[in-house]
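As structure tokens, the structure follows; a few thoughts come after it.
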Amino acid sequence: MTSIWLDESAGERYAPLREDATADVAIVGGGIAGVATAYHLARAGVGTILLEARTIAEAASGRNAGFLLAGVAENFVAACRRYGEKNALRIWRFTKRNQALVRALVRENEIACDLAWNGSDQIAGDDEEWDEIEASAERLGREDVRVRVIGSKRSAIYEDDGELHPVRYVRELARSAIAAGARIHEGSRARAVSCDEVEVGSARVRAGSVVLCTNAYTSQLAALRVKPVRGQMLATAPLARRVFERPAYANRGYRYWRQRADGRVLVGGWRDTAADEEIGEEERTTTRIQDQLDGFLREHAPDALVTHRWAGTMGFSHDALPYVGRMANGVYVNAGFTGHGMAFATATGELIADIVRGVRRPETDLFTPERP
Ligand SMILES: Cc1cc2nc3c(=O)[nH]c(=O)nc-3n(C[C@H](O)[C@H](O)[C@H](O)COP(=O)(O)OP(=O)(O)OC[C@H]3O[C@@H](n4cnc5c(N)ncnc54)[C@H](O)[C@@H]3O)c2cc1C
């Protein structure tokens with residue numbers, strides 16, 4: 001079954017690439033990462049061609065929950081343990097930049113994507129996580145982050161997080177990229193890439209630089225450690241009453257839900273209960289996961305009627321941070337968002353556009369694909 005977002009979005013169609021072409025930069029992949037990269041390059045006056053195998057935002061970017069969170073999927077204490085406090089703070093600020101960019105691009109380009117800033121609720125699944133959530137809130141509070149701890153619910157509310165309609169956002173941003181001069185071809189699967197060429201069927205794009213924005217599918221074109229992992233969701237018909245005030249994620253980000261302004265409830269995740277099955281590129285729902293999503297729904301909104309069930313493929317990196325930069329073979333990459341691309345990719349699109357243009361950026365080392 002298709003996602004609620006794709007079902008609601010007819011979308012323009014862009015013709016496949018049929019003839020050889022040239023560009024300053026060729027981008028492979030038309031999810032949020034590719035489209036944001038195209039947008040930023042085109043706005044900087046760079047001649048850009050984007051090649052998408054399916055349609056814009058048809059893969060993970062059209063199948064997610066639409067949360068715009070700050071930070072990585074884990075709480076801040078866990079992020080400090082993994083990246084060190086200094087880098088965890090740099091990553092946090094980078095995702096705040098992502099939020100600010102989304103806000104600005106939506107306003108400037110008049111993108112109708114139901115963008116709202118109702119905050120997010122981070123909920124503990126066990127005692128250890130609760131301790132970390134409390135400590136994270138205390139630490140980030142000292143950085144002027146607006147966060148509120150709710151002891152009775154063992155949760156922390158991050159007041160400035162956002163939510164949106166991901167397909168409308170990405171497809172309208174694609175339109176803005178085209179208005180700024182980018183070319184987009186759908187139905188155009190790249191079968192081979194090098195640092196200055198992309199092969200699509202019998203046509204070729206010769207380019208000054210090539211950027212892979214192929215997330216879960218990156219290892220089909222380059223030697224990079226991106227692992228395909230499945231995520232599943234469901235959506236219901238609109239409910240007249242409010243069940244959830246704001247997007248929530250629990251159990252270290254493995255379980256999440258939100259209620260849209262129109263009353264529809266969305267529930268996703270529970271991958272941690274079937275980690276052995278939820279790998280690979282198959283966009284297929286399973287009863288094992290969907291039963292869990294149904295179980296949660298029955299507890300909180302037993303009268304809600306499920307209208308959509310879907311699956312999408314995420315691209316996991318080895319350390320849960322995206323790979324953004326130039327690879328050893330000279331091809332650039334902007335991928336590996338580890339289930340968090342709406343939180344990162346508008347800003348990594350800006351970052352890779354700068355890197356390709358030779359603009360120095362202080363964040364480059366954080367996301368370099370060459371890191372250990
Ligand atoms: C169920 C689910 C819930 C999620 N919830 C959230 C959330 O709430 N917040 C959040 O931040 N993130 C969330 N994510 C993760 C988020 O959706 C992804 O991180 C993000 O969409 C990745 O964007 P992308 O552009 O890198 O990849 P994609 O959207 O997967 O785009 C990659 C594109 O590359 C194309 N492609 C691949 N190979 C080729 C080729 N050879 N030639 C041409 N094109 C090619 C594909 O067709 C695809 O369109 C969720 C993901 C899932 C599955």
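Here is a check on your reading of the model: is Val333 within 12 Å of the ligand (Cβ to nearest atom), in contact (Cβ under 8 Å) with a residue 40 or more places away in the chain, within 19 Å of Asn87 (Cβ to Cβ) and assigned to a strand (DSSP E or B)? Walk me through it before giving the result.
Working: within 12 Å of the ligand (Cβ to nearest atom): yes; in contact (Cβ under 8 Å) with a residue 40 or more places away in the chain: yes; within 19 Å of Asn87 (Cβ to Cβ): no; assigned to a strand (DSSP E or B): yes.
Judged against the criteria, Val333 is not a match.
What's the number of the condition Leu293 fails, among (1) at pLDDT 95 or above; (2) not in a helix (DSSP H, G or I); (3) not basic (Lys, Arg)?
(2)
Between a residue in the stretch 307-320 that is over 20 Å from Arg371 (Cβ atoms) and more than 8 Å from the ligand (Cβ to nearest atom) and any residue that is assigned to a strand (DSSP E or B) and of a type in the set (Gly, Ala, Ser), which pairs come within a Cβ distance under 7 Å, given they are 6 or more apart or on different chains?
Cβ pairs passing all conditions: Thr307/Ala235; His308/Ala235.
So Ala26 passes all but one of these: (1) within 13 Å of the ligand (Cβ to nearest atom); (2) part of a loop (DSSP other than H, G, I, E, B); (3) among the small types (Gly, Ala, Ser). Which condition number does it fail?
Among (1) within 13 Å of the ligand (Cβ to nearest atom); (2) part of a loop (DSSP other than H, G, I, E, B); (3) among the small types (Gly, Ala, Ser), the lone unmet condition for Ala26 is (2).
Tell me, yes or no, whether the stretch 285-294 has at least one residue that is closer than 30 Å to Leu221 by Cα, out of contact with any helix residue (DSSP H, G or I) (no Cβ under 8 Å at 6 or more places or on another chain) and surrounded by fewer than 19 Cβ atoms within 10 Å (Cβ to Cβ). Explain how you work it out, then say what you get.
Applying the first criterion (closer than 30 Å to Leu221 by Cα) to the stretch 285-294 yields 285-286.
Narrowing the set further to residues that are out of contact with any helix residue (DSSP H, G or I) (no Cβ under 8 Å at 6 or more places or on another chain) leaves 285-286.
Checking the rest, the ones that are also surrounded by fewer than 19 Cβ atoms within 10 Å (Cβ to Cβ) come to 285-286.
Yes: one or more hits.
Among what's in the stretch 248-270 and is under 19 Å from the mean Cα position of the chain (by Cα) and outside any strand (DSSP E or B), pick the residue that is farthest from the ligand (Cβ to nearest atom).
Across the stretch 248-270, the extreme among qualifying residues is Arg252.
Give all pairs with beta carbons closer than 6 Å in which a residue from the stretch 263-283 that is closer than 15 Å to Asn251 by Cβ meets a residue that is of a type in the set (A, V, I, L, M, F, W, C) and within 13 Å of the ligand (Cβ to nearest atom); count only pairs at least 6 apart in sequence or on separate chains.
If the second residue must be of a type in the set (A, V, I, L, M, F, W, C) and within 13 Å of the ligand (Cβ to nearest atom), the pairs left are Val267/Leu234; Val267/Trp257; Val267/Leu293; Gly268/Ala65; Gly268/Met233; Trp270/Ile289; Ala274/Ile289.
Sort out which residues of the stretch 1-19 are assigned to a loop (DSSP other than H, G, I, E, B) and within 21 Å of the chain's Cα centre (by Cα), and write them in order of number.
Our first condition is that a residue be assigned to a loop (DSSP other than H, G, I, E, B); within the stretch 1-19, this holds for 1-3, 9-19.
Once the filter is applied, which keeps residues that are assigned to a loop (DSSP other than H, G, I, E, B) and within 21 Å of the chain's Cα centre (by Cα), the stretch 1-19 yields Met1, Thr2, Ser3, Ser9, Ala10, Gly11.
Suppose the filter is farther than 22 Å from Leu351 by Cα, in contact with a helix residue (DSSP H, G or I) (Cβ under 9 Å, 6 or more places away or on another chain) and of a type in the set (Gly, Ala, Ser); does Ala235 pass it? Spell out how you get there, then give the answer.
On the way: farther than 22 Å from Leu351 by Cα: yes; in contact with a helix residue (DSSP H, G or I) (Cβ under 9 Å, 6 or more places away or on another chain): yes; of a type in the set (Gly, Ala, Ser): yes.
Against the criterion (farther than 22 Å from Leu351 by Cα, in contact with a helix residue (DSSP H, G or I) (Cβ under 9 Å, 6 or more places away or on another chain) and of a type in the set (Gly, Ala, Ser)), Ala235 qualifies.
State which residue is nearest to the ligand (Cβ to nearest atom) when the search covers only the stretch 39-95 and only residues that are assigned to a loop (DSSP other than H, G, I, E, B), over 22 Å from Glu12 (Cβ atoms) and not small (Gly, Ala, Ser). Step through it out loud before you land on a result.
Let us first name the residues in the stretch 39-95 that are assigned to a loop (DSSP other than H, G, I, E, B), namely 44-47, 52-59, 63-66, 69-75, 84.
When the remaining residues are screened for being over 22 Å from Glu12 (Cβ atoms), the result is 44-46, 65, 69-75, 84.
When the remaining residues are screened for being not small (Gly, Ala, Ser), the result is 46, 69, 72, 74-75.
Working: Val46: 19, Leu69: 6, Val72: 10, Glu74: 13, Asn75: 16 Å.
This residue is Leu69.
Taking only the stretch 98-127 into account, find how many residues are more than 16 Å from Tyr158 (Cβ to Cβ) and either hydroxyl-bearing (Ser, Thr, Tyr) or in a helix (DSSP H, G or I) (or both). Outline the logic, then answer.
Initially, the stretch 98-127 is screened for residues more than 16 Å from Tyr158 (Cβ to Cβ), giving 101, 104-115, 125-127.
With either hydroxyl-bearing (Ser, Thr, Tyr) or in a helix (DSSP H, G or I) (or both) added as a condition, the list becomes 101, 104-108, 127.
Counting residues in the stretch 98-127 that are more than 16 Å from Tyr158 (Cβ to Cβ) and either hydroxyl-bearing (Ser, Thr, Tyr) or in a helix (DSSP H, G or I) (or both) gives 7.
Of these, Ala343, Ala347, Ala353, Ala311, which one is assigned to a strand (DSSP E or B) and not hydroxyl-bearing (Ser, Thr, Tyr)?
Details: Ala343 fails: assigned to a strand (DSSP E or B); Ala347 fails: assigned to a strand (DSSP E or B); Ala353 fails: assigned to a strand (DSSP E or B).
Matching residue, one of Ala343, Ala347, Ala353, Ala311: Ala311.
Please go through (1) within 19 Å of Glu74 (Cβ to Cβ); (2) surrounded by fewer than 22 Cβ atoms within 10 Å (Cβ to Cβ); (3) out of contact with any helix residue (DSSP H, G or I) (no Cβ under 6 Å at 6 or more places or on another chain) for Tyr254 and return the number of the only condition it doesn't satisfy.
Of (1) within 19 Å of Glu74 (Cβ to Cβ); (2) surrounded by fewer than 22 Cβ atoms within 10 Å (Cβ to Cβ); (3) out of contact with any helix residue (DSSP H, G or I) (no Cβ under 6 Å at 6 or more places or on another chain), only one is false for Tyr254: (3).
Considering only residues that are charged (D, E, K, R) and touching a helix residue (DSSP H, G or I) at 6+ places or on another chain (Cβ under 6 Å), look in the stretch 91-138 and name the one that is farthest from Arg43 (Cα to Cα).
First pass over the stretch 91-138, keeping only residues charged (D, E, K, R): 93, 96-97, 103, 107-108, 110, 114, 121, 126-129, 131-132, 134, 138.
With touching a helix residue (DSSP H, G or I) at 6+ places or on another chain (Cβ under 6 Å) added as a condition, the list becomes 97, 132.
Values: Arg97: 18, Glu132: 41 Å.
The qualifying residue farthest from Arg43 (Cα to Cα) is Glu132.
The values are calculated or read from the model by the stated rules, or taken from the named source; none is laboratory data. Since we're looking at a predicted model, the values are computed, not measured. Note that we place each Cβ from the backbone using ideal geometry, even for glycine, and neighbour counts take in every protein chain shown.
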